[in-house]
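The values are calculated or read from the model by the stated rules, or taken from the named source; none is laboratory data. Since we're looking at a predicted model, the values are computed, not measured. When we count neighbours, we look across all protein chains shown, and the Cβ atoms used for this are built from the backbone with ideal geometry, even at glycine. The protein model used for the area step is the full one, side chains on, heavy atoms only, and it has no ligands, DNA or RNA in it. Shrake-Rupley method; radii C 1.70, N 1.55, O 1.52, S 1.80 Å.
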Amino acid sequence: MILSKYSILLQADSAMNEATIGAFVIVEMLYSSDLLAIVGAGEQASLSPRRLCLFKTTTGSPLRELNFLTSILAVRMNKKRLVVVLLEKTFVYDLNTLVMLDTIDTVPNPKGLSAFSPCLEGCYLAVPASATKGSVLVYNVMDLQSHSEIDAHRSPLAAIALSSNGMYIATASEQGTLIRVHLVSEATKSYSFRRGTYPSTIYSLSFGPSEQLPDILIATSSSGSIHAFSLKLAINQRSKRSTSFLGSVLPDSVSDALDPAHHHVLQNAVSSGLRSYAVVRKIDKLEETSSPSQFTSLRATVSVITYSGYFQEYTLSINNKNESLWTLEREFNLCSITNR
């Protein structure tokens with residue numbers, strides 16, 4: 001289940017306000033439960049960036065703490081596993097007992113890049129496999145073994161995301177012009193989508209919730225725009241094109257990258273250069289109405305949170321002509337809410 005970041009921040013602040021005063025660098029929620037994984041910013045000893053605190057919001061008290069030799073860069077959880085990402089190591093724990101199950105040696109990962117699928121049937125962890133090119137190591141955290149390595153880009157990775165069912169992985173390099181979607185079971189197969197012509201830093205990638213191929217993929221970048229790619233429609237059309245003469249001549253990645261028809265952009269959603277994170281919270285499929293021109297085939301709820309403390313919620317509507325409309329539903333400052 002994909003959760004909006006604003007709910008995590010609000011719950012963490014209200015639960016920790018009386019117990020500890022200070023800043024957090026990581027607050028990760030287990031689905032919609034009362035369990036939080038919290039890492040401090042180092043302003044005081046109790047908020048060391050090397051200490052992970054599992055905190056229960058209903059009781060307002062910590063359950064367990066884990067201490068590490070270096071700073072914690074990312075934390076991921078599902079009902080069975082807890083994953084802690086450090087600079088050159090990633091630890092896998094049993095969430096219920098906190099017994100360490102495995103230690104994965106990784107390339108230097110100063111950004112803590114990682115992606116985790118909550119689905120227990122396809123429970124994969126993805127981390128960078130190279131510091132010089134865009135390779136991804138896909139690791140099965142239930143079987144505790146490496147699943148595959150995907151060569152996604154020529155440049156080092158900037159962002160990665162796994163679909164909720166663990167079937168698909170999206171990647172972007174530091175170049176930021178192409179976003180690729182890979183089928184995890186076939187590590188070399190990819191679909192390419194062009195974000196833009198000029199380089200841009202990709203801040204986040206998020207699949208729409210789905211049991212099969214997600215309908216859309218959302219990306220935020222340093223350009224200040226929000227990008228939506230219609231995955232299901234684009235890939236279905238690619239399958240049809242592959243049977244044509246032109247499709248058999250052109251490589252799939254080239255033809256997809258040059259086709260902008262499935263790219264829906266909201267320009268200047270946030271200030272240029274302001275780091276932002278977006279998630280697809282909900283997707284509705286609408287039935288055809290009496291007026292084909294008013295038909296909306298897909299409506300997605302997209303939540304955006306910025307590092308300046310603002311929360312935005314948009315509705316993205318895409319009709320049967322592949323025309324899109326972005327509608328801002330609400331916007332507010334998280335800092336002003338928590339300080340009341």
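The table that follows gives values for the structure above.
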| read-out | value |
| --- | --- |
| Residues of the range 70-83 satisfying the condition of being at pLDDT below 95 and either open to solvent by less than 20 Å² (accessible area, probe 1.4 Å) or of a type in the set (A, V, I, L, M, F, W, C) (or both) | Met77, Asn78 |
| Residues of the range 57-69 classified as loosely packed, with under 15 Cβ neighbours inside 10 Å and part of a strand (DSSP E or B), total | 5 |
| Filter result for Tyr191 (part of a strand (DSSP E or B), touching a helix residue (DSSP H, G or I) at 6+ places or on another chain (Cβ under 6 Å) and farther than 21 Å from Ile104 by Cβ) | yes |
| Subset tally (residues that are in a loop (DSSP other than H, G, I, E, B) and of a type outside the set (D, E, K, R)) for the range 104-155 | 22 |
| Every pair of residues 6+ apart whose Cβ atoms lie under 6 Å, when the first sits in the range 208-227 and is within 15 Å of Arg299 (Cα to Cα) and among the small types (Gly, Ala, Ser) while the second is open to solvent by 10 Å² or more (accessible area, probe 1.4 Å) and assigned to a loop (DSSP other than H, G, I, E, B) | Gly208/Asp215 |
| Sole exception among (1) within 19 Å of the chain's Cα centre (by Cα); (2) over 22 Å from Ile160 (Cβ atoms); (3) open to solvent by 60 Å² or more (accessible area, probe 1.4 Å) for Met100, by number | (1) |
| Enumeration of residues in the range 34-54 that are surrounded by fewer than 19 Cβ atoms within 10 Å (Cβ to Cβ), modelled with pLDDT of 90 or more and not in a loop (DSSP other than H, G, I, E, B) | Leu35, Arg51 |
| Any chance Thr197 is surrounded by fewer than 18 Cβ atoms within 10 Å (Cβ to Cβ) and either of a type outside the set (D, E, K, R) or in a strand (DSSP E or B) (or both) | yes |
| Enumeration of residues in the range 162-186 that are assigned to a loop (DSSP other than H, G, I, E, B) and either open to solvent by less than 30 Å² (accessible area, probe 1.4 Å) or farther than 28 Å from Ser223 by Cα (or both) | Ser163, Asn165, Gly166, Met167, Gly176, Thr177, Val184, Ser185, Glu186 |
| The range 114-154, residues that are aliphatic (A, V, I, L, M) and more than 16 Å from Thr90 (Cα to Cα) | Leu120, Ile150, Ala152 |
| Filter result (more than 14 Å from Pro49 (Cβ to Cβ) and open to solvent by less than 30 Å² (accessible area, probe 1.4 Å)) within the range 103-112 | Ile104, Thr106, Asn109 |
| Selection count where residues are under 18 Å from Leu205 (Cβ atoms) and either touching a helix residue (DSSP H, G or I) at 6+ places or on another chain (Cβ under 6 Å) or surrounded by fewer than 17 Cβ atoms within 10 Å (Cβ to Cβ) (or both), scope the range 295-316 | 2 |
| Qualifying residue in the range 84-95 (condition: of a type outside the set (A, V, I, L, M, F, W, C), surrounded by fewer than 20 Cβ atoms within 10 Å (Cβ to Cβ), touching a residue at least 12 places away in the same chain (Cβ under 8 Å) and over 25 Å from Val25 (Cβ atoms)) | no |
